[in-house]
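The values are calculated or read from the model by the stated rules, or taken from the named source; none is laboratory data. Because the structure is a prediction, the values reported are computed rather than measured. Cβ placement follows ideal geometry from the backbone for every residue including glycine, while neighbour counts extend to all protein chains displayed.
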Amino acid sequence: MQARQAINRRDTAGFARAEELLTRAIELEPGLARAHAAMADVWILSAITRQESGYFGQRNSPVFARIEGAIDRALALDPDSAEARTSLGFVRFLQWKPTDAERELRRAVALNPNYTLGHHWLGACLTNRGEFDEGVAEYQRAVELDPFSFRILDNYGDALNTAGRSEEALLVINRSLELQPKSEQTLQNKIRTLLALNRLAEAEAIVRMLPENEARHYLARLGHKAEAEEALAKASGRDRTDLLLAFDRIDGWLDAVSPLDINIIGLRRLFSSPELDPFRHDPRFQKLIATLGFTEAHARAQAWRAAHPPEKPVAK
């Protein structure tokens, strides 16, 4: 329990504390499958935080060897461990094997319908496959099981915003910020949601709270074109490519983007961004999605969007 609480802090110190506690637990009781699965989760989340996994170019990253070793030990002890199946499912997700990921995550929640992380990570898998309704429902179930997890609330709010339910998303994101007011990720999700609602002044107030390297992503959307041009001129590599997309320079982004630099956790935004709509039939975009192996998921997402128009933003 203490280790899971440390993991849920979602920061370097929390991961270090969790690893220390779990190492001690495994030394005392090597046959505890749950402890091995929790250790795998520490390493999974640490790798994401350090940006060592998630990108298409990292799908065969060596970081997975240690993680899979811990999962294998857990499953050898208990093949029906919902915790280990959840860990395995999310590893497959980060390895860009979404079908395998979904199978393992569904098995996990079937084994233990009350395991919060299983629903949380299944929600991530489904929404990034264009399965918005079911994915959002999985996030909602995770929140019901753990209403005080700021990260689950954050992810749920982002999924709601991606699904065009921005007013509802804002309420959820505000709940997350009540629990963790300084979470940069959640602040950025709030900015994106406010922009979707056309509440520009509120969005800008939060943007000015962010470090410069993060704040610049929102300059163009807020009308600061000169600052945006200056930031773009200074950027290079993946950083410049990310800014091109953030500044809605889609034509330039399509020329510059490499599949290796696409993060699977952000695919749902590529699927749902209205700024990309004029380019969805562009051969460059279609080639990108095909290379990633998500042509079917993209088509599914567009069919869903056509049937579920987003809320109409109202300026405030």
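Checking the conditions here, which among A101, A18, A40 is assigned to a helix (DSSP H, G or I), touching a residue at least 40 places away in the same chain (Cβ under 8 Å) and surrounded by 20 or more Cβ atoms within 10 Å (Cβ to Cβ)?
Every option except A40 fails the conditions.
Kindly provide the set of residues from region 1-59 that are of a type in the set (F, W, Y) and under 23 Å from R268 (Cα atoms), ordered by number.
Correct list: Y55, F56.
Considering only residues that are surrounded by fewer than 16 Cβ atoms within 10 Å (Cβ to Cβ) and free of Cβ contacts under 8 Å to residues at least 24 places away in the same chain, which ones fall in region 179-199?
Of everything in region 179-199, those that are surrounded by fewer than 16 Cβ atoms within 10 Å (Cβ to Cβ) and free of Cβ contacts under 8 Å to residues at least 24 places away in the same chain turn out to be P181, K182.
Within region 271-316, take every residue that is among the aliphatic types (A, V, I, L, M) and modelled with pLDDT under 95 and give me the one that is farthest from L126 (Cα to Cα).
Filtering region 271-316 for residues that are among the aliphatic types (A, V, I, L, M) and modelled with pLDDT under 95, the one farthest from L126 (Cα to Cα) comes out as A315.
Which of the numbered conditions does L197 fail, given that it passes all the others? Conditions: (1) at pLDDT below 95; (2) touching a Ser or Thr at 6+ places or on another chain (Cβ under 8 Å).
(1)
Determine whether A13 is at pLDDT below 95 and buried (at least 19 other Cβ atoms within 10 Å of the Cβ).
no
Would you confirm whether or not region 70-85 contains a residue that is under 15 Å from R34 (Cβ atoms) and assigned by TED's automatic domain parsing to the domain that holds T295?
no
Restricting attention to region 201-222, and to residues there that are of a type in the set (G, A, S) and in contact with a helix residue (DSSP H, G or I) (Cβ under 8 Å, 6 or more places away or on another chain), which single residue is modelled with the highest pLDDT?
Residue satisfying both the conditions and the ranking: A203.
State all residues of region 67-83 that are surrounded by fewer than 22 Cβ atoms within 10 Å (Cβ to Cβ), more than 23 Å from the chain's Cα centre (by Cα) and outside any loop (DSSP other than H, G, I, E, B); if no residue qualifies, say none.
Those that are surrounded by fewer than 22 Cβ atoms within 10 Å (Cβ to Cβ), more than 23 Å from the chain's Cα centre (by Cα) and outside any loop (DSSP other than H, G, I, E, B): G69, D72, R73, L75, A76, L77.
Output the number of residues of region 47-65 satisfying the condition of being in contact (Cβ under 8 Å) with a residue 12 or more places away in the chain and assigned to a loop (DSSP other than H, G, I, E, B).
5
Filter region 167-178 for residues that are surrounded by fewer than 24 Cβ atoms within 10 Å (Cβ to Cβ) and touching a Ser or Thr at 6+ places or on another chain (Cβ under 8 Å); which is nearest to P309 (Cα to Cα)? Give the derivation first.
Start the filter on region 167-178 by keeping residues that are surrounded by fewer than 24 Cβ atoms within 10 Å (Cβ to Cβ), which leaves 167-168, 170-171, 174-175, 177-178.
Narrowing further to those that are touching a Ser or Thr at 6+ places or on another chain (Cβ under 8 Å): 170, 177.
Values: L170: 18, L177: 27 Å.
Selected residue: L170.
Can you run down the residue pairs with Cβ atoms below 6 Å, 6 or more apart or on separate chains, where the first is in region 230-252 and surrounded by 15 or more Cβ atoms within 10 Å (Cβ to Cβ) and the partner is not in a helix (DSSP H, G or I)?
That search, which allows pairs on different chains as well, returns T241/V257; L243/A235; F247/A220.
Looking at F64, F90, can you tell me which residue is within 11 Å of C125 (Cβ to Cβ) and either of a type in the set (G, A, S) or crowded, with 17+ Cβ neighbours inside 10 Å (or both)? Give the derivation first.
Values: F64 fails: within 11 Å of C125 (Cβ to Cβ).
Result of the check over F64, F90: F90.
Taking region 104-117, which residues are out of contact with any Gly (no Cβ under 6 Å at 6 or more places or on another chain) and either of a type outside the set (S, T, Y) or part of a helix (DSSP H, G or I) (or both)?
R106, R107, A110, L111, N112, P113, N114, T116, L117
If we keep just the residues of region 93-110 that are closer than 15 Å to T127 by Cβ and of a type in the set (D, E, K, R), which is farthest from the chain's Cα centre (by Cα)?
R106
Is it true that Q51 is on the phi > 0 side of the Ramachandran plot, surrounded by fewer than 20 Cβ atoms within 10 Å (Cβ to Cβ) and either of a type in the set (S, T, N, Q) or in contact with a Ser or Thr (Cβ under 8 Å, 6 or more places away or on another chain) (or both)? I'd like the intermediate steps shown before the answer.
Working: on the phi > 0 side of the Ramachandran plot: yes; surrounded by fewer than 20 Cβ atoms within 10 Å (Cβ to Cβ): yes; either of a type in the set (S, T, N, Q) or in contact with a Ser or Thr (Cβ under 8 Å, 6 or more places away or on another chain) (or both): yes.
So Q51 fits the description; yes.
Can you name every residue in region 118-168 that is of a type in the set (S, T, N, Q), in contact with a Leu (Cβ under 6 Å, 6 or more places away or on another chain) and part of a helix (DSSP H, G or I)?
S166
Give the residues of region 223-256 that are part of a helix (DSSP H, G or I), over 28 Å from Q286 (Cβ atoms), out of contact with any helix residue (DSSP H, G or I) (no Cβ under 8 Å at 6 or more places or on another chain) and of a type outside the set (G, A, S), sorted by residue number.
Passing the criteria: K225, E229, E230, K234.
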